[in-house]
Amino acid sequence: MTTAHVVRPLTVETFPAWLALAQKHNGVWGGCYCTYFHDDTDLTTKSEYDRPTFKERLVAEGVAHAALVFDGDDAIAWCQFGSPGELPNIYHRKQYDAGEPVLPPWRITCFFVDRDHRRSGVAREALDGALQLIAEAGGGEVVSFPNELVPGKKTSSSFLHNGTRAMFEKAGFTFERHIGKSKTVMRRTVSPAGD
């Protein structure tokens with residue numbers, strides 16, 4: 001299947017397209033603007049800015065990363081990734097940290113797909129794009145926390161902000177353990193680009 005989609009990193013230049021997608025969906029996840037997993041930086045205090053401005057400042061500082069899927073000039077999805085220092089606020093962190101004595105250099109924390117493009121494989125394109133950007137940044141171990149779906153039970157997309165175990169398995173991740181009620185810890189090592 002041929003796709004016209006292009007993946008680009010979240011940068012100062014692509015931020016307006018990212019913001020347009022977030023605003024189209026009322027800030028996503030109840031107005032989060034993909035800031036939940038971030039914390040203060042040396043230059044920016046989260047509580048001093050509205051969420052879109054906070055996110056924009058992090059992008060300008062180079063401490064907010066995402067793979068954006070574009071359809072023409074429009075961003076239609078993203079996959080957020082970064083270091084544990086950039087994205088410290090994960091769900092079930094205490095339980096996760098107890099089983100993770102050495103933090104890997106990368107984590108994937110969330111996805112968002114435009115309502116007009118859902119159920120078409122765009123989240124997987126965003127995941128593959130994030131893995132490629134990680135490879136270009138030197139690669140390394142990547143951990144994520146997708147949901148494990150209960151067979152036969154319908155799950156609202158609002159609970160799938162980090163994708164599903166099945167999608168990550170298809171992308172080469174290995175299941176390690178459960179944390180919380182439905183989250184999993186999954187891991188993959190990404191080779192540096194060019195290897």
*Restrict the check to the stretch 113-133 and report whether at least one residue is touching a residue at least 24 places away in the same chain (Cβ under 8 Å), more than 22 Å from GLU169 (Cβ to Cβ) and within 16 Å of the chain's Cα centre (by Cα).*
yes
_Being outside any strand (DSSP E or B), in contact with a strand residue (DSSP E or B) (Cβ under 8 Å, 6 or more places away or on another chain) and of a type in the set (D, E, K, R) is the filter here; which residues of the stretch 162-195 pass it?_
ARG165, GLU169
*asked:* Could you go through the stretch 116-132 and let me know if any residue there is part of a loop (DSSP other than H, G, I, E, B) and of a type in the set (Ser, Thr, Tyr).
replied: yes
*Across the stretch 56-74, what is the number of residues that are touching a residue at least 40 places away in the same chain (Cβ under 8 Å) and more than 22 Å from VAL142 (Cβ to Cβ)?*
7
*So which residues in the stretch 110-141 are at pLDDT 95 or above, crowded, with 22+ Cβ neighbours inside 10 Å and under 18 Å from THR184 (Cα atoms)?*
LEU127
*asked:* Restricting to the stretch 34-56, give me the number of residues that are among the β-branched types (Val, Ile, Thr) and closer than 13 Å to LEU87 by Cβ.
replied: 2
*Please report, ordered by residue number, the helices (runs of 4 or more DSSP H) entirely within the stretch 1-98 with at least 3 residues that are at pLDDT 95 or above and crowded, with 16+ Cβ neighbours inside 10 Å.*
15-24, 51-61
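The values are calculated or read from the model by the stated rules, or taken from the named source; none is laboratory data. In this text the structure is predicted, and so the values were computed from the model without any measurement. Every residue, glycine among them, receives a Cβ derived from its backbone with ideal geometry; neighbour counts consider all protein chains shown.
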